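Data block below; observations after.
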Amino acid sequence: MTSAANCAIAGQETLNPLLGAVSGLPARLWDTQGNLLTEFRGHKSFVNSAVFSPDGSQILTTSSYGTSRQWDINGNLLTEFRVYAQGVNSLVLSPDGNQLLTVGTKSFDLWDTSGNILAKFRRGHDGFITSAVFSPDGNQILTASYDNTARLWDTKGNLLAVFQHNSRVNSAVFSPDGNQILTAAHDHTARLWDISAGMQISAPEVAFHQGIQLTQQGTIESRQLALQKLEESLELYREDNNHAQAAEALLAIGIGNIHTTSKDWSTALNAYNQALIISQHLNDQIKQTTILNQIGKVHAASGQESTAKDYYNQALTLSQQFDYPTAQANILYNQATLNRQQNNLTAAKTEIETAITIIEQLRTQIASQQLRQSYFAHNQDYYQLYISVGNYPR
């Protein structure tokens, strides 16, 4: 073979077949004498991994095109799972073979073997997922990530515990009895954890994650429940003197954002100002920039346009000092939006042009064409504003 092999897995049958996934080629089934038994054709891009079902009667494959497929051992397609636009990096079968995980870059999904989605883990991790495994009884899922954590979930999508390392976690596994987990990290350490103790220690992080999940549902009831969870996490973080995470709970993705969505401007500003004080105490300039920008948006939305400009200018200056281009572009977009509303079209045009220049520079640094297109689509508001400013009646 001239392409790189991604995996090879031994089967359970009498002939002890081997299953291989090779970049750019179909997955292939071999006997141990090197004879090709079956090819599994149909994926439109690289096959990243392939695994046997527990009884050896079926095979599952994943592709960088964003699909997983279930086959019989003769190469007949049984089910296709359309998963992520950015591709499926790996898949994992439950111990009984009735469920499977499809793992993307930062999120993962749980399916039954008929292709029905059971649970979505859309905010699974903040970094690349390095491993995912089922517990021995199949009732829990353990993931590891470049975000320096291993995380424990139930099969309904609920976060149960977070296990923190000082560097990226390369893998995490359950003990045979399912009561402990073992993690291995990039900092040359392996750690053994008790699951029950870990669930108690990570209660603030779990409450925070539950709050964020609820905010994404978009209903008034879910926002109220989210606020309760985020305030619960805030108090727990404060009890632990975890100032950084307390600021995060108050930030745009947390309490401040919920009150902004509800147009409760004074309460939103109170949350953001608390977060700003904490971030200044920690000398966290990235969070300070984000918070100043959010405060500017609240003042703009509540009609205090002059004050909004002051906060936008503070945020822009800070982002330029430590070269934070993503924040610069967003702040310039907000400034351009405000100037357009005030009919300051020359200033608005200059600001949105500068923002788009930054966006284009960032887009050219993305290696994958597919991801570049996704990034472009994600930032369509910038281009729409530019068109709007250009066509605005003068």
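The values are calculated or read from the model by the stated rules, or taken from the named source; none is laboratory data. Here the structure is a predicted model, which is why all the values come from computation and not from measurement. Cβ coordinates were reconstructed from backbone atoms using ideal geometry, including for glycine residues, and neighbour counts include every protein chain displayed.
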For Gly178, are the conditions met, namely being more than 23 Å from the chain's Cα centre (by Cα) and under 17 Å from Phe108 (Cα atoms)? no
Tell me which residues, restricted to the range 99-119, are among the hydroxyl-bearing types (Ser, Thr, Tyr), surrounded by fewer than 19 Cβ atoms within 10 Å (Cβ to Cβ) and touching a Ser or Thr at 6+ places or on another chain (Cβ under 9 Å). Thr113, Ser114
Can you tell me which of Ala150, Ala185, Ala161 is surrounded by 17 or more Cβ atoms within 10 Å (Cβ to Cβ), at negative phi and touching a helix residue (DSSP H, G or I) at 6+ places or on another chain (Cβ under 8 Å)? Ala161
Within the set of pairs 6 or more residues apart or between chains, which connect a residue that is closer than 18 Å to Ala327 by Cβ inside the range 286-305 to a residue that is aromatic (Phe, Trp, Tyr) and assigned to a loop (DSSP other than H, G, I, E, B) with Cβ atoms less than 8 Å apart? Ile286/Phe322; Ile286/Tyr324; Thr289/Tyr324
Please pick out the residue among Thr337, Thr326 that is within 30 Å of Ser45 (Cβ to Cβ), assigned to a helix (DSSP H, G or I) and among the β-branched types (Val, Ile, Thr). Thr326
In the range 173-247, which helices (runs of 4 or more DSSP H) lie fully inside it and hold 3 or more residues that are modelled with pLDDT under 75? 203-215, 220-239
Among all residue pairs at least 6 apart or on different chains, which show Cβ distances below 7 Å where the first residue, located in the range 73-86, is at pLDDT 85 or above and the second is loosely packed, with under 13 Cβ neighbours inside 10 Å and outside any loop (DSSP other than H, G, I, E, B)? Gly75/Glu39
Pick from the range 62-72, criterion at pLDDT 85 or above and more than 14 Å from Trp111 (Cα to Cα), ranking: surrounded by the fewest Cβ atoms within 10 Å (Cβ to Cβ): Asp72
